[in-house]
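A.B. asks: Sharing a structure, written as structure tokens. Questions coming.
Derivation of every value follows stated rules applied to the coordinates shown; laboratory data play no part. Given the structure is predicted, the values throughout are model-derived calculations rather than measurements. Counting neighbours? That spans all protein chains shown, and the Cβs are built from the backbone with ideal geometry, glycine included.
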Amino acid sequence: MDKPFNDIESEMLGSEIEIFISREHRFGTDAFLLSDFAGGRHKDYVCDFCTGSGIVALLTHKNFKPAHIDAVEIQPKAHELLKLTKEKNKLDTLTPILCDLKDYKSSRELDLITCNPPYKISGTGAKNDEQAVSIARHEVMCTLDDVCKAAAKNLKFGGRLCICQRPERLADIFSSMRNAGIEPKRLRTVHKNPKGAPWLVLVEGKKGAKPFMTIEPPLFVCGEDSEPSEEMQRIYGFDI
């Protein structure tokens, strides 16, 4: 299999999937947390927005085996990496799509959309000089409003949008979801340890649902002994 870039590396997701990554298109803990939070069913039709090298879509495929997953990305290099991963692992139920999520239109109404969006509002924080990294971290190419509007356009009634974000953007998440007709229904905070403030929030909204939110118990990445918590070991697929 020919590799179109010189800086490509690969990592194994368990023993099943080899994912191709590059220096600017990598992934972190938040992808594992989002995929686990969103879950899925065998009959679901799913799309992952801002998929990058495809980590959330691949984890969803690996752990929940939905009927089909579209993986939407605007950056050509990340898209090519996912195409390599699809070819290498023969993932017939995953379709990498190179497009602006604002222009994405599924061929059928979707059960679930996941999104690990840019965390920072454009013009805030220290921007990375590398364009690809800036697009991934800052709202250069899309905003929370864009994500929620695109989700509402493609979800079926009662379909779910699951995203992760920084806690300081929580009000923005709720506002964007509601403005798009997606009701925030489930919230979970993620903490590095039991003594720390949350560094991430996981939010699920449902299209057309009535107001009522469940606040789930906090998720601790590490215990007081600084070792990975039992829940994180489960999420990463470690033996406990």
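A.B. asks: If each DSSP helix of 4+ residues adds -39,500 (n - 2.57) and the sum is divided by the residues in the chain, what number results at 222 nm, nearest 500 deg cm²/dmol? Spell out each step's value before the answer.
C.D. replies: On the way: 7 runs with 69 residues, N = 240.
Estimated from H runs of four or more residues: -8500 deg cm²/dmol.
A.B. asks: Relative contact order of the chain, please, whole-number percent, based on alpha carbon pairs below 8 angstrom and at least 6 residues apart.
C.D. replies: Result for the chain is 15 percent.
A.B. asks: Now a separate question. Using the per-residue mean of other Cβ atoms lying within 10 Å as a proxy for protection, in what order, highest first, do the peptides 85-92, 15-22 fall?
C.D. replies: Listed from highest to lowest mean packing, they are 15-22, 85-92.
A.B. asks: Ranked from highest to lowest mean number of other Cβ atoms within 10 Å per residue, what is the order of the peptides 68-76, 102-110, 49-57?
C.D. replies: 49-57, 68-76, 102-110
A.B. asks: I'd like the projected area of the stretch 28-236, averaged over all directions, using the convex hull of its alpha carbons. Report it in nm² with one decimal.
C.D. replies: 11.7 nm²
A.B. asks: Roughly what % of DSSP beta bridges within the chain run antiparallel, to the nearest 5?
C.D. replies: 50 percent
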